Each structure stands twice: as C-alpha cells, then as structure tokens.
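Below you'll find the structure, written out as structure tokens, and then a few comments.
The values are calculated or read from the model by the stated rules, or taken from the named source; none is laboratory data. For clarity, every value in this text was computed on a predicted model and none was experimentally measured. Backbone-built Cβ (ideal geometry, glycine too); neighbour counts: all protein chains shown. Keep in mind that these areas ignore ligands, DNA and RNA; they rest on the heavy atoms of the full protein, side chains included. Shrake-Rupley method; radii C 1.70, N 1.55, O 1.52, S 1.80 Å.
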Amino acid sequence: MGKLSILKEFWDFLKERKKWWLAPMIIMLLLLGALIFFTQSSAVAPFIYTLF
C-alpha cells in the first residue's frame with residue numbers, strides 16, 4: 001500500500017459520501033504544512049513570517 005492508495009481512497013470517500021467541503025480544508029492544511037516545513041531553515045523564512 002503506497003501513498004497513492006491513500007489518495008485514491010480519500011477521493012473515493014469524497015465521491016461516495018458527497019463531502020466535497022473537506023477537500024479545500026485538507027488542501028489548505030497540506031499547503032500550510034508544506035510552507036512551514038520548507039521555511040524552517042531557509043533564508044526566505046523572515047519574508048514569509050512577515051506575511052502573517
């Protein structure tokens with residue numbers, strides 16, 4: 001079982017249960033997590049933190 005199977009299972013859940021409102025929340029959480037992860041030790045970090 002790989003990472004793609006988790007995404008496929010989540011997609012099937014959204015289609016079957018009609019819970020489309022979950023998709024934007026999950027995407028935003030993933031993007032925020034990626035932003036935090038990539039700016040922890042980066043030279044860009046001070047500029048990112050000024051946005052918030």
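Pairs are defined by a Cβ separation below 7 Å, a sequence spacing of at least 6 or placement on different chains, a first member in region 10-28 that is of a type in the set (A, V, I, L, M, F, W, C), and a second member that is open to solvent by 90 Å² or more (accessible area, probe 1.4 Å); the pairs so defined are Leu14/Trp20. Taking region 12-35 as the range and being open to solvent by less than 90 Å² (accessible area, probe 1.4 Å) and aliphatic (A, V, I, L, M) as the test, the residues that pass are Leu14, Leu22, Ala23, Ile26, Leu32, Ala34, Leu35.
Can we say Ile6 is part of a helix (DSSP H, G or I) and open to solvent by less than 100 Å² (accessible area, probe 1.4 Å)? No; evaluated as a whole, the condition is false for this residue.
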